[in-house]
Amino acid sequence: MKKAYLSSFIVLAAMLTVQAQIHQKTIGKANMPSEIVQQEPTMAKSVTDLSDGFETYSDFSLLFSPWTLTDVDGSETYGITDVDFLNQYSPMAYIIFNPSATTPPQTDASIQPHSGSKFAASFAATAPPNNDWLISPPLAAGTNTSVSFWVKSYTSQYGLERYKVGISTTNTDPGSFTIISGTTYLEAPTTWQQKTFDLNAYNGQTIYVGIQCVSNDAFIFMVDDFNFTTTTSQSNTLTGLVTDAYDGTPIQGATVTIAGLTTTTDASGNYTITNIPDGTLNADFNADITQGDAPLLVNFSDQSSEGAHTVTCSKTGYITYVNNQVVIDPGQTLNLNISLSQTLAEGSMRFVLNWGANPRDLDSHLNTPSIEGNTYHIYYSNTGSATSAPYAALDHDITSGYGPETMTIYQMFDGTYQYYIYKFAGDGNITESQAVLQIYNQNGLMQTVQVPTSGEGLYWYVCDVNGSNGQLTIHNVIQQSAPGKFTDPFPPKIQENNLFNSKNITSWLWNFGDGSTSTVQNPIHTYTVAGTYTVSLTVGDGTITNTETKTDLITVTGSGGNSTLTGLVTDALNGEPVPGALVTVAGLSATTDSQGNYVINNVPAGALVANFHASQTTGSAPLSVDFTDQSTENSNTVTCSKTGYSTYNNSQVVIPIGGSLTLNISLSPTLAAGNMRFVLNWGESPSDLDSHLNTPDIEGQSYHVYYGDDGSETSAPYALLDYDITSGFGPETMTIYQMFSGTYQYYIHNYSETPDITTSQAVVQIYNESGLIKTLQVPISGTGLYWYICDINGSNGALTIRNVIQENAPGTTKDVLPAKGPGPTVPARNITSWLWNFGDGSTSSMQHPSHTFTANGSYTVSLTVGNGSMQATETKTGYIQVGPQGIDEDAFAQQIKLYPIPAKYDMQIESPEKIELLRVTNLSGHEVFRMRVDEFSYRLNVSHLNSGVYFLLIETQKGNAIKRFTIK
């Protein structure tokens, strides 16, 4: 334990002998409390280079602008024994330390700057650990960007100093920083060391660099000679005028932001932002329809751009303007005038048009009914008025893609309004414009309309609006002439500076959120299952990529199918019908009646479903894993649940299109202490595999539990085959409800006999009351009809894994296996392609690959399968855990606290960093829960989770962590 003073002269003498020049830590009272003022972030212009040796600041200052100092721990600090200096002992983040200006001066080499006479120092907090930030002014990253600085520990006597390095693209709030120095802290040696960090990932952005001292009761962390370098482009400038779309008056005090730089408009509504870095690759897209009944066909349109910036403009009482397609030519000034629309009042309607790079200029047009004795044609040459007839206005005319161009009806009059789009200029047909129109009223978005991909003409007739009630009549056709009777001339326009440059985007990867993907620029996708889907687009230009994700973009609310699913739900313990169980398929559901029966009609056709298993998911490096494809076509996922039972989940249910499938379901009560369950799943062939269990002596007799004698839960053998699946893919479940002394033998028989069981892709999962305890993949070599899986010690539940193929059944039981009735036919698979991503940079196109993970870590594995016309992807997060304990929690994960463990109803999560996103996956990697949090502490409801082991994935701005927890 370190003391402020060493009371023993002998100890002190010994220390001084070993370290003659190293002073000890001391606690005292701040000698200049008036200086203990935390520096607040200031609005500063970004700089393109910063070299700072801390020589120009006042000795022992706690404030040295343009740096931001943030003392998160708020603790008083240690001083140096027998040395005095201004602000000693004060709560502080960093101090400008001049060893030659202390009393007496410090001459020992261990406390000298790297260069000059001063350095920035963070003294140890008396209430450790330190949490102190030294944050740079805003830095404009051009290209070839890096930062370097020198660090040192004054002494290792109390342990080396610890620090992290982070980057913020928004502000100086410590919570805004992403740590780039690794998953754990760095340590500063006792000699000056230069650290350099590549910042090219932030090129084109305005950033802040933060050096965070996280030492734990050490002494003095020393920083010197900070150097930020980048290759700058010519100075780019954005300027313009912000006006009210309602009356055209300038708006004072509106906030305009681009590339992390911000300004406010003056009294005349003008703004100017200088020193803007070059733009970046921006992904963006639109969908022509975002909700409807299944099957829902959606046209997706890429609206990505290269070299673009996002400009926002906001003020209270107005709808925030957002334009992510603004491109400023290098070294040039772009004039961007912005029209802010007030929030819509009742009876108003707004049309917002966005489109692609070509044609270059599309125009919004509105024909009105008779208003105060006149009809009006509102367009770029006659922009209308919000306060007088026609009480409708073109807010702003965009002359070079991509929009947004906005037309607003502020007050409606009886009669018909006609809204349409005209192709004014540019190459290509309007059908190729990727144009999307969104229509709003006071309640929000009413309709999204995608430009047709066929038709001839310069006019896109979108809709009529009934002025009496605001009702829309969608036309959505391309035609040769404008709707209505107006024949107004179209005068030429003054060409604005381009808001876009030519797109050099070369790759597109869409993820539609239902397991399907596409590499087409503007794909068409059909959603067959009801649900809510998040869609993402990743674009690349051959050098970098960028992703746009739109959460819950698509909502599918019904079904257009003609198939039927029916069956009986029973209790796996006693075979009694289970009334009130909820059965769900394709977003449709039914509740079982008093006899346990259910019927679900109008089930849509199933989808191409990717699925796979791994022979093992945890172990030490190098870990060799055999992966087995279990994908199917025309598959639906069926779930069945009721309180007190383990939820049934089967993602391999194929219902004949236009036909009916009987699926009987056996629900197993949740496992109690001493129970064990075996769950078998397999591929499409062999068509029938059977679970078998040999028991020890139970009440004077041993038993063979299988389809011919399925046992009992309430009497000997106190083990039960819950349900026998006669035609792939499972799940087939065997449960031991009460164990007796002796050895149980569990094995699988290939009832179909051909093909070999080694080709079955079979997987057995073994559970006890704590959850999943073992997953076994069928061996791919061996001869025989029997897969001998394991022995169970009835006294303590211990497993002895066999996992071998053999000619004969284990044990001495020689029961005759009775014949079964034929099961339903399983459709043949037409899957023709496989693409595996193992999460470590390696891929494979084999159907059943083997892969070796050579480094410790947590790996997310995905499989994309295709049938020649569509693709599906299955991703299992954190599926493979390589390390001494499977999951090797890093220092950050160890700081996160979960309790109680095991949990039953709620689990408290405490994190030192603000939690942004929580995700829960099962041991198979399937995500079962997701929640956005934005809190340091969160109470997670886990009552809906079945008993077992799960992974909690925690995302924060400073890094991610994985925790393992158990549900009882």
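Just so it is clear, none of the values below were taken in a lab; they were calculated from the coordinates. Please read all numbers here as calculations on a predicted model, not as lab measurements. Cβ coordinates were reconstructed from backbone atoms using ideal geometry, including for glycine residues, and neighbour counts include every protein chain displayed.
Observations on the structure shown:
- Residues in the range 913-921 carry Karplus couplings, in order, of 10, 5, 7, 9, 9, 10, 9, 10, 10 Hz; the curve used is 6.51 cos²θ - 1.76 cosθ + 1.60 with θ = phi - 60°, and Gly or Pro positions show x.
- Inter-probe distance in nm under a simple model that places probes 7 Å from Cα toward Cβ, at Glu55 and Ser641: 6.7
- Where labels lie 7 Å past Cα in the beta-carbon direction, separation of Asn469 and Thr416 in nm: 1.6
- With contacts taken as Cα pairs under 8 Å and at least 6 residues apart, the range 652-751 reaches a relative contact order of 34 percent.
- With a simple spin-label model that places each label point 7 Å from the Cα along the Cα-to-Cβ direction, the separation between Ala267 and Gln738 comes to 9.1 nm.
- FRET efficiency estimate (nearest 0.05) - Cβ-Cβ, Gln616 to Thr854, R0 22 angstrom: 0.90
- For Gln112, net neighbour charge (Lys/Arg +1, Asp/Glu -1) across residues whose Cβ lies under 12 Å away: 0
- Between the amide H of Ile338 and those of Leu241, Val242, Thr243, distances stay under 5 Å, these residues lying 5 or more places away or on another chain, with hydrogens modeled in the peptide plane.
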